[in-house]
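To start, the structure under review is shown below, and the notes come after it.
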Amino acid sequence: MTDYRRLRVALLGAGAVGSQVAALLRRHADELADRAGARLELVGIAVRDIDAPREADLPRELLTTDAESLIVGSDIVIELMGGIEPARTYLLQAINSGADIVTANKALLATHGPEIFDAADQVGAEVYYEAAAAGAIPIIRPLRDSLAGDRVQRIMGIVNGTTNYILDRMDTEGAEFADVLADAQRLGYAEADPTADVEGYDAAQKAAILASLAFHTTVPLDAVHREGITGIDKAMMDAARHAGYVIKLLAVCERLSEASGSESISVRVYPALIDRAHPLASVHGANNAVFVQAEAAGNLMFYGAGAGGVQTASAVLGDVVSAARRHIAGGVGVGESTLADLPIVAIGRVITRYQITLEVDDQPGVLATVAGILSDGRVSIATLEQTVTGEDAETARLVIGTHKALEQDLSETVDRLAASGVVERVVSVLRVEGD
Ligand code: NAP
């Protein structure tokens, strides 16, 4: 057995992911040592409650409630506690005591990323976070390293497994949102409080992380436009299917270019229609996928498990091996590149296609009125389908597909349609992504 140098590895958290990381570190110790060029010695695991049941069989003597003492003298600190505090304080302590850090904590990076990256920069430490954006899927390193010589134009990600599971079952089974959510909670795909997932907060954190990397710009979480999926119902799903689309919760990170040559970015999370032929349409169940469009590379798709203890542990261990190699090679860590510092535009400046569904009076002249309001609002019609609904056949449903339009024009136009007197109800307005 090669006599490798030992690196002290501290693990903070032994929950769904942490317990798997600890188990794999121990089970594959020899192989990991060969790959890393160093023996990764797990010196301790910080938890809240030493007696809590663990998913993996971990030696009790490694468990401690004293995270701070564990961090002192460690070469690599893996943070898998989640939440903002005390994770933030512990990571800053680890950086300042000379450790490289590995974290899967999207909530922390999306809110305090710059503080942590700056602290690491100042001491030449490195921050690894492959598991923070889409679980097991390698997407951080491709954006940070593989595509560092290219220009990313757009990222469209299905980055939340819970919402994809819900929308997929609504699409394939014709089920209602509330029924599938209850099922997802029973099966463990959704939390008892599903707000972070179904309202798009989790996806927005990941969008902020991905956009920051892709566009070399710090993207604060509050610059991410966010809408969830609670308003999506069976009728919207049916209408989408009928028109050849599927509804997915998308994280869209986009580079916008003005005619003047100036550039900005838009980062947004919302349920959107995508063509059933688009690669993202075939992402089923709780899987995640990130579709990247780069100027030279063209279209790339990264697909796989966006969560799960052992799956996420794979990404964490990849980071640990990278951190170990860097520790052995020496030199300062590579900081995050935020040099582009592009302005981030509000949702009103986004240009995309839309599908507007209206209930209107089935009277002569109504179509002409609707078409006039759209045209006055600089929204041009690409497709129009009318069906007569209601028992008295006095109501018609109009499904209007638009050409690309400015979001601000579109929303003002929809307000005018709603107030027009011929529109009984604006049933839905959905963006169409994926062109
Ligand atoms: P988890 O199951 O809730 O486990 C959290 C662990 O941290 C527990 O072992 C807990 O100790 C420990 N902990 C919490 N607060 C602590 C404190 N103040 N001091 C010491 N230990 C503390 O969480 P998880 O699902 O493994 O997620 C960990 C991180 O990975 C999160 O940032 C999450 O967003 C990220 N992530 C998770 C997944 C996934 O599939 N689960 C996927 C991608 C990323 P006790 O066991 O004693 O309570």
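Where a number appears in this text, it was derived from the coordinates with a stated rule and is not lab data. From a predicted model like this one, the values you see are computed outputs, not experimental measurements. Virtual Cβ from ideal backbone geometry, glycine too; neighbours counted across all protein chains shown.
If you bin every alpha carbon distance in the range 77-215 into 5 Å steps from zero, what whole percent lands in each bin?
Histogram of Cα-Cα distances, whole percents per bin: 2, 10, 17, 19, 17, 14, 10, 7, 3, 2, 0.
Could you tell me the distance between the Cα centroids of the range 284-358 and the range 101-177, to the nearest Å?
Result: 5 Å between the Cα centres.
Could you check the simple spin-label distance between Thr383 and Leu339, using points 7 Å along Cα→Cβ, in nm with one decimal?
Result: 4.5 nm between the two label points.
When the helix-only estimate is applied to the chain (DSSP H runs of n ≥ 4, each -39,500 (n - 2.57), divided by the residue count), what is the mean residue ellipticity at 222 nm, nearest 500 deg cm²/dmol?
Counting only the DSSP helices, I get -10500 deg cm²/dmol.
Take the Cα pairs of the chain, get the Kirkwood Rh, then feed it into Stokes-Einstein at 4 °C and 1.567 mPa s and tell me D in µm²/s.
For these conditions, the coefficient is 55 µm²/s.
Test of understanding: what is the full-extension gain from Glu258 to Glu55, defined as 0.36 nm times their sequence separation minus their Cα-Cα distance?
Length gained between Glu258 and Glu55: 67.8 nm.
Using a simple charge model, +1 on the beta-carbon of Lys and Arg, -1 on the beta-carbon of Asp and Glu, nothing else, what dipole does the range 140-306 show about its Cα centre, in debye to the nearest 20?
In debye, rounded to 20, the range 140-306 gives about 460.
Treating only the Cβ of Lys, Arg, Asp and Glu as charged (+1, +1, -1, -1), what charge dipole size does the chain show about its Cα centre? Round to the nearest 20 debye.
1200 debye
Within 10 Å, count the other beta carbons around each residue, average over each peptide in 254-266, 106-118, and list them highest first.
Order by mean packing, descending: 106-118, 254-266.
Can you find, among Ala240, Ile209, Ala297, the residue farthest towards the positive end of the dipole of the range 204-341? Put +1 on the C-beta of Lys and Arg, -1 on that of Asp and Glu.
Ala240
So for the range 350-433, Kirkwood radius off the Cα pairs, Stokes-Einstein at 4 °C and 1.567 mPa s: how many µm² s⁻¹?
Rounded, D is 102 µm²/s.
Any idea what log10 I(q)/I(0) is at q = 0.14, 0.16, 0.18 Å⁻¹ for the range 140-306, Debye with uniform C-alpha scatterers and no solvent?
-0.71, -0.90, -1.10
Starting from the Cα of Tyr4, move 7 Å in the Cα-to-Cβ direction to define the label point; list residues of the range 51-77 whose amide nitrogen is under 14 Å from there.
In the range 51-77, the label zone of Tyr4 (backbone N under 14 Å from the point 7 Å along Cα→Cβ) covers 76.
Under 1.5 on a/c is rounded, so check that first for the range 1-150, then, if it is not, pick prolate when a/b is larger than b/c and oblate when it is not; a ≥ b ≥ c are the square roots of the alpha carbon gyration tensor eigenvalues. Working shown, then result.
On the way: a/c = 1.43, a/b = 1.19, b/c = 1.20.
Since a/c stays below 1.5, the shape of the range 1-150 is classed as rounded.
Between beta-carbons, use under 15 Å as the cut-off and find the net charge around Asp121, counting Lys and Arg +1, Asp and Glu -1.
Neighbour charge sum, excluding Asp121 itself: -3.
Based on Cβ point charges of +1 for Lys and Arg and -1 for Asp and Glu, what charge dipole magnitude is obtained for the range 321-411 about its Cα centre, in debye rounded to the nearest 20? Write out the running numbers ahead of the final one.
Values: 7 positive and 12 negative charges, 206 e Å.
With Lys and Arg at +1 and Asp and Glu at -1, about 1000 debye.
Lysines within cross-link reach of Lys106: Cα-Cα under 17 Å, excluding same-chain residues under 8 positions apart?
Result set, ordered by chain and number: Lys206.
Kyte-Doolittle mean at least 0.5 and Cα extent at least 20 Å along the axis: which DSSP H helices of the chain qualify?
Answer set is 201-215, 309-329.
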